[in-house]
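Reviewing the structure listed below.
The values are calculated or read from the model by the stated rules, or taken from the named source; none is laboratory data. What you see is a predicted model; the values in this text were computed from it and never measured. As a convention, Cβ positions derive from the backbone with ideal geometry for all residues, glycine included, and neighbour counts pool all protein chains shown.
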Amino acid sequence: MNHWILLLGVSLVCWGVWPSFRQLCGAPIAAFATLNICSQFLTATVYLLALGDPSAAAHALQHPNLRTAAVLLGGFSLGHADQLSALAMGYLPAAVAYPLYAGISLVLAQALNYAQTGSKEPGMLLLGLALVLLGLILLTATQSAKEAGDTKTQSLQRTTTRERDVTQRLLEAQLLGDAQSTAAIEKKIGVSSRLAMVICLFAGLSGSGWPPLSTYARAAAGGADSEALRDPLLCLWIFQLGQLCALPSITTIGGTLTQTGIIRPIRALTLRSAAWGVICGASVATGYYAFYTSSAHISPTVSFGIVACNPVHNDPCQVHSLSNPCDSPCSESLWRWCWTF
């Protein structure tokens, strides 16, 4: 069992660094979602062709059942969740948006997994979930303390530099060359941090669905179809197909909220931004492959509980780099340290 737990470390790393890759990409959400989801699907396809049995995927599509639909629906749900959280990261620090999203998903998903599979130590499970909820409260307090000390100008600066540059070029074209376009641009891209936190909440609710759906789809129930979905490569490919199905709706949502549209952000992509978006997708897909492989041998409640801690190894550095510690209010610094602990 030890080597399966070690393999979960791959998921921890791959999922923990994707918020940083998202910031390095910096593209508006319509462009980032397209890059991220398509590269995830292509990575899963390469893994299936190189390491698995492509005919199994064809069989699953030709003879669908409830378990196949569960994995597909899980991918569709997670596709919206991840990209909504990526949208929020444009207006909140990733060290706030990502753990808020991941924490909500963890609590709800573990409760649903527990309803299916139970736990040998329910008391410890409940204690762990309670600590996650406490961490979310501390994280919210961190953001509230930061907002209290921010001016309107500082609030606008939360948007990543690259994303603002791309968005500015897009909106300048829409504003018909107005010489005073800068102020109008700031107003149009001004998604408030409170709205971004609400987006994280909805992302967490959407992201809580795929773990219990995956648990149901891969639970041993007899029959060839049940066994086939225990193939990690097949699960990965069907899951990523579900995410691909979510692409039209998530790009429409993102393009509407940010008022950039769908096509213009893609056309405005630079080679550097596109490369980071593709790297992000390949990394995330690799993390799912490691998760599906390990969780076939470890309890779903345990395996998901481990990998859902992925914000921890990415966020402490970001939490303490949100601003100069010397310039931070005392209450904000205190909440940051409590959240990290």
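Some notes on this structure:
- Among the residues making up the range 49-84, those that are more than 24 Å from SER105 (Cβ to Cβ) and either acidic (Asp, Glu) or buried (at least 21 other Cβ atoms within 10 Å of the Cβ) (or both) are ASP53, ALA57, ALA60.
- Residue satisfying condition, being crowded, with 17+ Cβ neighbours inside 10 Å, out of contact with any Asp or Glu (no Cβ under 9 Å at 6 or more places or on another chain) and closer than 18 Å to GLY254 by Cα, within set CYS14, CYS38: CYS38
- Among the conditions (1) in contact with a Cys (Cβ under 6 Å, 6 or more places away or on another chain); (2) modelled with pLDDT of 75 or more; (3) over 23 Å from GLN40 (Cβ atoms), the only one that LEU138 does not satisfy is (2).
- For MET124, the requirement of being over 13 Å from the mean Cα position of the chain (by Cα) and modelled with pLDDT of 75 or more is met.
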